[in-house]
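Accompanying notes for the structure given below.
Please treat every number below as a calculation from the coordinates, not as lab data. Fair warning: this is a prediction, and the values are worked out from it, not measured in the lab. Counting neighbours? That spans all protein chains shown, and the Cβs are built from the backbone with ideal geometry, glycine included.
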Amino acid sequence: MFREAPVTESQLEGTTHWERFESEAMPHVASLFRIARWLTRNQTEAEDLLQETLLEALRSFHRFTQGTNCRAWLVSIMYHHQSKNRRAAIHLHLVSDAEERIAETIAFEEPAPQNLTDEEVLSALRRIPRTFQEVVVLADVEGLTYKEIAAATQIPMGTVMSRISRGRKLLRSELAAYARAHGFGEQHREG
Amino acid sequence: MISRGTEGKSKGMKMRCHQFREIADSYVGNELNAETTHAVNSHLTNCTGCCRELSARRELSARLRDALINAPENRMRPEFTNILRARLRDYAQSNSTASVVALSSKSSSAKFRRAASAALAACLLLALVIGAAVLREWNTGRGPVAVSSDASKPGQLPNLFNASLAKSAVGDHRHCAIHFRLSEKPIDLEEAGRKHDPSDVNLSRAILSGDLPTGVEFLAAHSCIFESRRFAHIVLRYQGRLVSLLITDNEGNMRTNQPSPPTVEQATFIQCSQFDGYPVSCLQTARHAIFVVSDLSEGANLALARALAPRAVMYVTHIEQG
């Protein structure tokens, strides 16, 4: 993803550095802001983080490999900045044994998505450990692949997979009470 | 594609529900290899329970996506979007020469060296002209600051220009509007009005009320500090360039040789100069200095300052007079 891409003169012809950046990177600004907002939980900090990310991306845009996922590349820059900003970044802290155990012991419960409000879904997401929230948001909301999330967050891919799975499980668990209250969530018989 | 232990178990045998659950997330994320995907599909054709569970998982992901995308707090402020784009574009343009040098091939580097030599010669010539003008101003006793002045009423200008203040205004324009590298974060004008200068409270409303001059676009308004001086800062865009309208309390810095504060009429006189390559147009009211800074041409900057001056001066003077 960070491989140096040789830029040929023909690529430069007719388009400026800014025009190329604008067409490749700027369409992802809204998505990046969502991630920044989720990471920082603060409007001003999110704006600062987004600006730092885009400035850094603009400076290093010659390193971006054309044809690869620009959003994933930008997300990885954002995570790098966020960890630098926080020093002891929350997303880099090791998941505690307790969190892992909780995730492992959650039984599957089927939620009733059609009856959930946006606020109920977001509240449930906020209640699960941040380590799981972040990968679930990157996968389910921003549509990054496991490999792209691993590259962006500097977490091994196996860990990303398990965190996504456990994060979703925890999310379903948080929503289970609501689902049960509305008559959903019955386990089906093994086939 | 993902290869997991569970996938092996599914080879040659019917997949069971608990096996499906283990890999359902990877299936939803389209991360499984073809063989395992086929096994999952086969299982799903015969298991309504797992189909329902899969549907619920997909639905939950979709609801999560919608909830986050639609949450008002996750939407960017339009003014931030505009100013961010303008800052990035200005940054890209101000660094475009360096980028081109770094990316160009050998054949074009010679061409660039010739262009750079010509630019250097032009800069030296310009420096000589400016130096001569400054020296002439100095010799006539008006000090080293003003390079040119407003031609509207030559000879009648009050001695408005304070060089260090104008340099601070240019510095604020560069560090805040263009590069956003202030050591202290800007605050709202209303907050600044309560804490520092009452004229800040309704400043942006006063400046922006009615139609802005044609082609001028509002980007942001705040109060910021550059080198210990606080400015009310309204960022505009004109002809594709960032323009700063900066207002600062100048009560403590009035020229001692100035007999009395300028009247409203006098305050609409504009002095124009250049600092660090940025044209600066300046006005002064009884207590405030008002600057328009940009990297437009000096003429365009002056024209814009003239267009904005009446509303800025009227409002600030009104507040000063209580």
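Taking label points 7 Å from Cα along the Cα-to-Cβ direction, B:N41 and B:N202 give a separation of 6.9 nm.
Comparing B:G240, B:I207, B:S223 along the charge dipole axis of segment B:189-256, the residue lying farthest to the positive side is B:G240, per the Cβ-charge model.
Inter-label distance, B:H179 to B:A163: 2.3 nm, where each label sits 7 Å from its Cα along the C-beta direction. Taken residue by residue and averaged, Cβ atoms of other chains lying within 10 Å of the Cβ of B:67-80 number 6. Per residue of A:137-146, other chain Cβ atoms within 10 Å of the residue Cβ number 5 on average.
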